[in-house]
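The values are calculated or read from the model by the stated rules, or taken from the named source; none is laboratory data. Being a predicted model, the structure only gives us computed values, none of them experimental. For neighbour counting, all protein chains shown are included, and Cβ atoms are generated from backbone atoms with ideal geometry for every residue, glycine included.
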Amino acid sequence: MVNARRQQSGISLLGLLFWAVVLSFLGVVAARTIPTVMEFYTIQSAVDRIAKGNPQTVPLARAEFERIKQVEYSIQSIASQDLTITKDNDKVLISFAYEKQVALAGPVFLLIKYEGHSR
């Protein structure tokens, strides 16, 4: 008779709980930050569209951003006054920067700094 003990393998209950906590925390962080990333890409798209239209004056560019902001309800973190609008060789350059705080749990916040410019 061969004494063939099979050694158990797998994950323990503590290991399972540890990974469940880690994965759920990452899920909460992702669920709270993805909307801010989507807002950034919406702002970037609006800025690119305005710069492509090559507005003649700064107030026209700001008015166009406000018009786009009324249509795109996801833009909440930035106003037209926050845009830096310059001209380089008859090409309009628009840049922006803002910070977004995301509440994670209780007094814990995640600070995300966004920057962008027209292409």
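Just a few scattered comments:
- Among the residues making up the stretch 56-79, a single one is farther than 25 Å from Thr33 by Cβ and of a type in the set (Ser, Thr, Tyr): Thr57.
- The stretch 97-111 - residue that is exposed (fewer than 14 other Cβ atoms within 10 Å of the Cβ) and touching a Ser or Thr at 6+ places or on another chain (Cβ under 9 Å) and, of those, farthest from Ala51 (Cα to Cα): Leu110
- For the stretch 3-37, the set of residues classified as over 30 Å from Tyr73 (Cα atoms) and in a helix (DSSP H, G or I) consists of Leu13, Leu14, Gly15, Leu16, Leu17, Phe18, Trp19, Ala20, Val21, Val22, Leu23, listed by residue number.
- Gln44 vs. criteria under 24 Å from Glu115 (Cα atoms), at pLDDT below 95 and either in a helix (DSSP H, G or I) or not polar (S, T, N, Q) (or both): no
- Among the residues of the stretch 42-55, at least one is over 18 Å from the mean Cα position of the chain (by Cα) and hydrophobic (A, V, I, L, M, F, W, C).
- Extreme residue, farthest from Gln56 (Cα to Cα), among residues of the stretch 66-114 that are aromatic (Phe, Trp, Tyr) and assigned to a strand (DSSP E or B): Phe109
- Across the stretch 88-108, the number of residues qualifying as touching a Leu at 6+ places or on another chain (Cβ under 7 Å), closer than 12 Å to Ser118 by Cα and among the charged types (D, E, K, R) comes to 0.
- Residues (more than 14 Å from Tyr114 (Cβ to Cβ) and hydrophobic (A, V, I, L, M, F, W, C)) located in the stretch 47-78: Ile50, Ala51, Val58, Leu60, Ala61, Ala63, Phe65, Ile68, Val71
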